[in-house]
Structure formats: C-alpha cells, structure tokens
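Peer 1: Sharing a structure here in structure tokens format.
The values are calculated or read from the model by the stated rules, or taken from the named source; none is laboratory data. Keep in mind that this is a model prediction, so the values were computed, not measured. Virtual Cβ from ideal backbone geometry, glycine too; neighbours counted across all protein chains shown. The area values use the complete protein model at the heavy-atom level, side chains included, leaving out ligands, DNA and RNA. Shrake-Rupley method; radii C 1.70, N 1.55, O 1.52, S 1.80 Å.
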Amino acid sequence: MAEKTQQEYHPRESNGYQRNDREAQWSIDEDERRRKRIKWAIYIAAFTVFQVMVLLVFGLVIMKVKAPKFRVGDLQIQTLTTNQAAPSFDMSFIAPIRIKNPNFGPYKFDQTTVDFTYGGVVVGQVIVPKSKANFKSTKKINAEVTLNSNALSGTNSGLGSELTNGVITLGSKGTMNGKVTLMLMFKKKKSTEMDCTMVIDVASKSVKSIECK
C-alpha cells in the first residue's frame with residue numbers, strides 16, 4: 001500500500017510542476033509580446049513624426065515658390081558718342097541679362113521686353129526670348145542693345161548737366177511672366193520685375209555703378 005501511495009503521489013506532483021512551468025512560460029511569452037507591441041508603437045510614432053517633418057519641409061521649402069530675380073549686369077560698352085552743345089548721345093553695348101531661379105523646379109518664362117530709359121523716357125529696347133531657367137540656377141543672356149537720345153526733348157537740361165559732369169544715367173525696366181514647375185506636375189505662375197539704374201562714365205566708356213531693386 002505504501003508503495004502504491006508513493007507511486008500515485010509523484011504523477012500529481014509532476015503535473016503541478018508542468019502547470020507551473022506552462023504558466024511561467026506563458027508569462028514570459030506575454031511579457032515578450034508586450035515588449036514587441038511597445039517597440040512597434042514606438043516605431044510607428046517615430047515614423048509618423050518623421051513623415052510630418054518631411055511634409056513640413058516639403059511644404060515650406062520645396063513647394064514654396066519664390067519670384068526669380070530679373071537683373072542686368074555691368075554693360076560692355078562698344079560705342080559711345082555724345083554732343084554737349086546740343087545734348088545728345090548714341091550708344092551700343094552688350095547687356096548681360098540674368099534670370100536667377102531660386103526654386104526647386106524650372107522657371108519657364110515668356111518673351112519679355114526690356115526698356116532702357118533716360119529720365120523716364122524710353123531710349124532703346126531689347127527683346128529677351130522665351131526660354132527657361134533651370135532649378136536653383138541662373139539663365140544668362142547677352143543682349144545687343146543700341147540706344148540714342150532722339151526721343152528726348154531738345155531742351156533736356158538734365159542731359160546737358162550730366163554730360164558736363166561726364167556721366168549718363170540710364171534705367172532698365174521690364175516685367176517677366178512665367179511658370180515654375182514643381183515635381184514635374186505642379187505649375188505656379190510667377191512674375192518678376194527688372195528695375196535697375198546704372199551710371200555710365202563717358203570718358204572711360206564704362207559703368208561707374210549699377211543698382212537693382
């Protein structure tokens with residue numbers, strides 16, 4: 001009897017140990033699953049924050065369209081003749097026209113007329129042909145320009161005074177219209193203005209100063 005009782009006891013004790021082992025293993029597995037869920041939640045949250053930051057940068061930097069800069073540089077004067085007795089001038093030069101595009105997409109612009117003025121009066125023009133400035137780059141166009149003072153009044157005292165001082169002050173104005181293309185599909189219209197003033201030294205036939213707004 002004692003031997004039988006002992007034989008019956010050990011299986012029950014073994015089953016108890018097995019249940020405890022299973023419960024311990026289940027607890028370990030549950031902790032592992034909980035850690036994985038927390039880890040995935042952290043990954044998802046980090047990815048969401050990253051996506052929001054990318055969208056903000058995309059919207060505020062890449063998709064933000066700025067007006068290109070439309071400027072003329074130092075003129076390369078080829079000929080210049082003046083008459084102080086009857087104030088007048090004739091001039092020809094190469095005008096380095098620049099269209100600087102600060103955007104993350106090309107700027108395609110229409111044909112544009114640039115007026116060269118003296119005292120607000122147009123004394124010459126040049127046509128900038130239709131073209132484009134690539135993204136984050138500057139389109140360079142060297143235009144040949146011929147000016148004369150025929151359109152000015154014969155009593156223009158301002159020109160006579162300037163010629164006495166050995167200078168001629170010119171202006172250049174123009175409005176350029178075009179479109180910036182982003183991501184090969186989004187097009188936004190953008191116009192830009194040229195408004196430059198340059199002082200020509202008559203004696204040296206060179207530009208003393210140039211300022212663009």
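Peer 1: How many angstrom lie between the C-alpha centres of the stretch 106-136 and the stretch 159-206?
Peer 2: About 8 Å separates the Cα centre of the stretch 106-136 from the one of the stretch 159-206.
Peer 1: Hey, another quick one. Grab the beta carbon distance between LYS66 and ARG34, set R0 = 45 Å, and tell me the FRET efficiency rounded to 0.05.
Peer 2: Details: r = 50 Å, r/R0 = 1.12.
So, using R0 = 45 Å, E works out to roughly 0.35.
Peer 1: Related question: Which of the peptides 32-39, 172-179, 121-128, 135-142 is most tightly packed, and how do the rest follow, judged by the mean count of other Cβ atoms within 10 Å per residue?
Peer 2: Details: 32-39: 10.0, 172-179: 19.1, 121-128: 17.0, 135-142: 13.8.
Ranking, from highest mean packing down: 172-179, 121-128, 135-142, 32-39.
Peer 1: What list of ³J(HN,Hα) values in whole Hz, one per residue of the stretch 44-50 in order, does the Karplus curve 6.51 cos²θ - 1.76 cosθ + 1.60 (θ = phi - 60°) give from phi, with Gly and Pro shown as x?
Peer 2: 5, 4, 5, 5, 5, 4, 4
Peer 1: Considering Cα pairs under 8 angstrom that are at least six residues apart, work out the relative contact order of the stretch 73-160 and quote it in whole percent.
Peer 2: Normalised by residue count, the contact order of the stretch 73-160 is 34 percent.
Peer 1: Please get the size of the charge dipole for the stretch 114-171, origin at its Cα centre, with Cβ charges of +1 on Lys and Arg and -1 on Asp and Glu, quoted in debye to the nearest 20.
Peer 2: On the way: 5 positive and 3 negative charges, 112 e Å.
Magnitude of the dipole: close to 540 debye.
Peer 1: Further question on the same structure: What ³J(HN,Hα) values, in whole Hz, does the Karplus curve 6.51 cos²θ - 1.76 cosθ + 1.60 give for the stretch 86-100 when θ = phi - 60°, with x put for Gly and Pro?
Peer 2: Along the stretch 86-100, the couplings run 10, x, 6, 7, 10, 8, 9, 7, 9, 9, x, 8, 10, 10, 9 Hz.
Peer 1: Which part of the stretch 182-209 falls in the paramagnetic zone of THR164, meaning amide N under 15 Å from the point 7 Å along Cα-to-beta-carbon?
Peer 2: What the label zone holds, given the 15 Å backbone N cut-off, is no residue at all.
Peer 1: Counting only C-alpha contacts under 8 Å and six or more residues apart, can you give the relative contact order of the stretch 132-213 as a whole percent?
Peer 2: Values: 90 pairs, mean separation 18.1, N = 82.
Computed over the stretch 132-213, the figure is 22 percent.
Peer 1: Excluding ligands, DNA and RNA, what is the solvent-accessible area per residue of the stretch 120-200 at a probe of 1.4 Å, expressed in Å²?
Peer 2: Details: 4590 Å² over 81 residues.
Heavy-atom accessible area per residue stands at 57 Å².
Peer 1: Which peptide among 187-196, 204-213, 88-97 comes first, and what is the full order, when sorted by highest mean count of other Cβ atoms within 10 Å?
Peer 2: Highest mean packing first, the order is 88-97, 187-196, 204-213.
Peer 1: Mind listing the phi-derived Karplus ³J(HN,Hα) values for the stretch 108-118, rounded to whole Hz, using 6.51, -1.76 and 1.60 with θ = phi - 60°, and x for any glycine or proline?
Peer 2: Listing the rounded values in order: 9, 10, 7, 4, 10, 9, 10, 9, 9, 10, 10 Hz.
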